[in-house]
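Once you've had a glance at the structure underneath, I'll fire off some questions.
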Amino acid sequence: MAAFFTAHSFVIAQVLGFCAMFTVMLTYQFKKQRTILLLLVVCSLLWCCHFAVLGKPTAVALNAVNLIRCVVYSFKSDTKWNSKWIPITFIVISVISTVVTWENLWSVLPLVGGVFTTIANWQSDTKRLKLLTLPVSASWFTYNLINSSYAGVANETIVVCSILVYLIRTRKESGETSCQENTPA
């Protein structure tokens, strides 16, 4: 069994990544922040497995931080979990995780993505959340490309496309609403 895993680890990693990618495709089509965050937990778990198989400890650590952060953020509506110190704490944890698992200079890219994700997922406005996710995708796209995470490259491309579809769709909806409101009865 170990020989099979070793011989096929790259393919297994990509399959795990494509499963995560499918999950994230669904994520950005929802409006409720809690639904988005809970789907991101599943996605982060799959990315942890993907990067573990690829042997990328910084990416594993930052996806694990993201998983925990999404769980905590899903309770943001509870006043004890709605402190500005929570995102600051996760940024510090991300920096420490990067230092502890440092691979090379490219390890900065997942950190940048992690910091933007921390800020993006703290937003109550889902449109702002999606806009702040764009720099996350740029950081991870580059990291994935450099580290042969083809599922990750595809994922970031789809994330950007999915966000753009959402923004176009909601712009049309808000445009139709404002036209209807301005039309005399």
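How long is the gain from ILE96 to PHE4 if the chain were fully straight, where each residue apart is worth 0.36 nm and the alpha carbon distance is subtracted? Can you show the working numbers first?
Working: separation 92, 0.36 × 92 = 33.12 nm, distance 3.47 nm.
My answer for the length gained is 29.6 nm.
Please check the chain for the longest run free of trypsin sites (Lys or Arg not before Pro) that are loop-located per DSSP (anything but H, G, I, E, B) and have at most 12 other Cβ atoms within 10 Å.
Within the chain, the longest run free of exposed trypsin sites (Lys or Arg not before Pro) spans 85-185.
Efficiency by 1/(1 + (r/R0)^6): what FRET value for LYS31 and VAL11, r their Cβ-Cβ distance, R0 = 45 Å, to the nearest 0.05?
That pair, LYS31 with VAL11, gives E of 0.80.
Could you work out which residue, out of ALA154, ALA20, ALA120, moves most in a Gaussian network model of the chain, that is, has the largest mean-square fluctuation with Cα springs under 10 Å?
ALA154
A further question on this structure: Tell me the angle of helix 126-146 to the major Cα principal axis of the chain, expressed in degrees between 0 and 90 and rounded to the nearest ten.
Once rounded, the angle reads 30 degrees.
How far apart, in nanometres, would the label points at PHE22 and VAL72 be if each is projected 7 angstrom from Cα along the Cα-to-Cβ direction?
3.1
Same structure again: Taking the Cα-to-Cβ direction at SER83 and at ARG128 and moving 7 Å from each Cα, how far apart do the two end points lie in nm?
A separation of 2.1 nm, rounded to one decimal place.
Taking θ = phi - 60°, what integer Hz values does the Karplus form 6.51 cos²θ - 1.76 cosθ + 1.60 yield along segment 80-93, in sequence order, with x for Gly and Pro?
My calculation for segment 80-93 gives 6, 9, 10, 9, 5, 6, 5, x, 4, 4, 5, 5, 4, 4 Hz in order.
Also: Would you mind checking the tilt of helix 2-27 against the longest principal axis of the Cα atoms of the chain, expressed as 0 to 90 degrees and rounded to 10?
The two axes meet at around 10 degrees.
Quick one: compute a quarter of the convex hull surface over the Cα atoms of segment 10-173 and quote it in nm². Mind dumping the intermediate values first?
Numbers: hull surface 34.0 nm².
For segment 10-173, the mean projected area of the Cα convex hull comes to 8.5 nm².
On to the next question. Please name whichever of ALA20, SER94, LEU46 sits farthest to the positive end of the charge dipole of the chain, dipole taken about the Cα centre and charges placed at Cβ: Lys and Arg +1, Asp and Glu -1.
SER94
I'm a student and want to see the number: the projected area of the Cα convex hull of segment 76-148, averaged over all directions, in nm².
With every direction weighted equally, the projected area is 5.3 nm².
How many nm is it between the label spots at VAL165 and LEU145, if each spot is 7 Å from the Cα in line with the beta carbon?
Going from the VAL165 label point to the LEU145 one covers 2.3 nm.
While we're looking at this one, here's another question. On the Cα set of segment 9-95, report Rg and Dmax in Å, please.
14.0, 44
Computed from the coordinates by the stated procedures, all read-outs in this text should not be read as laboratory data. Every value quoted in this text rests on a predicted model; they were computed, and no experiment measured them. With ideal geometry, Cβ positions are generated from the backbone for all residues, glycine too; neighbour counts draw on all protein chains shown.
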